[in-house]
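Below is one structure, written out as structure tokens, with a few remarks after it.
The values are calculated or read from the model by the stated rules, or taken from the named source; none is laboratory data. For clarity, every value in this text was computed on a predicted model and none was experimentally measured. Note that we place each Cβ from the backbone using ideal geometry, even for glycine, and neighbour counts take in every protein chain shown. Ligands, DNA and RNA are excluded from the accessible area calculation, which covers all protein heavy atoms including side chains. Shrake-Rupley method; radii C 1.70, N 1.55, O 1.52, S 1.80 Å.
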Amino acid sequence: MLLAVAVLTACGPKDTDEKATGESAPASAPSAPKAPDSAPTASASAPSQRESKPSESTSKPSESASVPAGSVPAPKTKEAAIERYEEYLHALGRQDIDTVCEIAGPGAKQAEAEGFGPCEVTFRMVFQMISPVQKAALVTATVDPARVIVGSPVKVDIPVGAIRADVTFGEDELGDSTLEYLDDDWFITG
């Protein structure tokens, strides 16, 4: 599982000329309750499908999951970063390579330069290292907002201990993750 840690920490967002097409498999309904967000998180600018959450504090119409990447910036909030990371965890559990490489992507270029290979190849190996029980747990995993560390308005650290799932994940399996706000959305950069 050490390869998974190396891959996960070496990946980040895709370059702006490599934006994803916005296609991904929808996540299944979580079995564990999701912690309520303290701020509106209608951040459908991510390329994969997200539930839209209407906000009373904005005059914009409700954003839908079909909004192309880059057209509506995601909020620079801890809640939006958590939502994005949960999207990544669910995609990891579903083995949705497009979504995984979108969220954990451009740092993959750095990992590739260090000999890990392209994101798609490397994460296919990671998928093989995750047990079926762990994959099922990732599909419904949530993040405990109280354990998330806000480093700045554009940087959030999510320790592995913040992941709520039916299976406990250790440092050697997922590790801690850093999300940064780049190109109008949150991406895993470390």
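In the stretch 103-159, the qualifying residues are those that are free of Cβ contacts under 8 Å to residues at least 24 places away in the same chain and β-branched (V, I, T), and the one that is nearest to P73 (Cα to Cα) is I149. Filtered by the rule that a residue be open to solvent by 10 Å² or more (accessible area, probe 1.4 Å) and of a type in the set (A, V, I, L, M), the stretch 109-129 gives A113, V121, M125, M129.
Count of the stretch 74-113 residues, restricted to those that are at pLDDT below 95, not hydrophobic (A, V, I, L, M, F, W, C) and not in a helix (DSSP H, G or I), is 2. Hey, any hits in the stretch 130-139 for a residue that's over 17 Å from G190 (Cβ atoms), surrounded by 23 or more Cβ atoms within 10 Å (Cβ to Cβ) and in contact with a His (Cβ under 9 Å, 6 or more places away or on another chain)? Looking for residues that are over 17 Å from G190 (Cβ atoms), surrounded by 23 or more Cβ atoms within 10 Å (Cβ to Cβ) and in contact with a His (Cβ under 9 Å, 6 or more places away or on another chain), one finds at least one in the stretch 130-139, hence yes. Only residues that are open to solvent by 60 Å² or more (accessible area, probe 1.4 Å), touching a helix residue (DSSP H, G or I) at 6+ places or on another chain (Cβ under 8 Å) and part of a strand (DSSP E or B) were counted across the stretch 140-190, and they come to 1.
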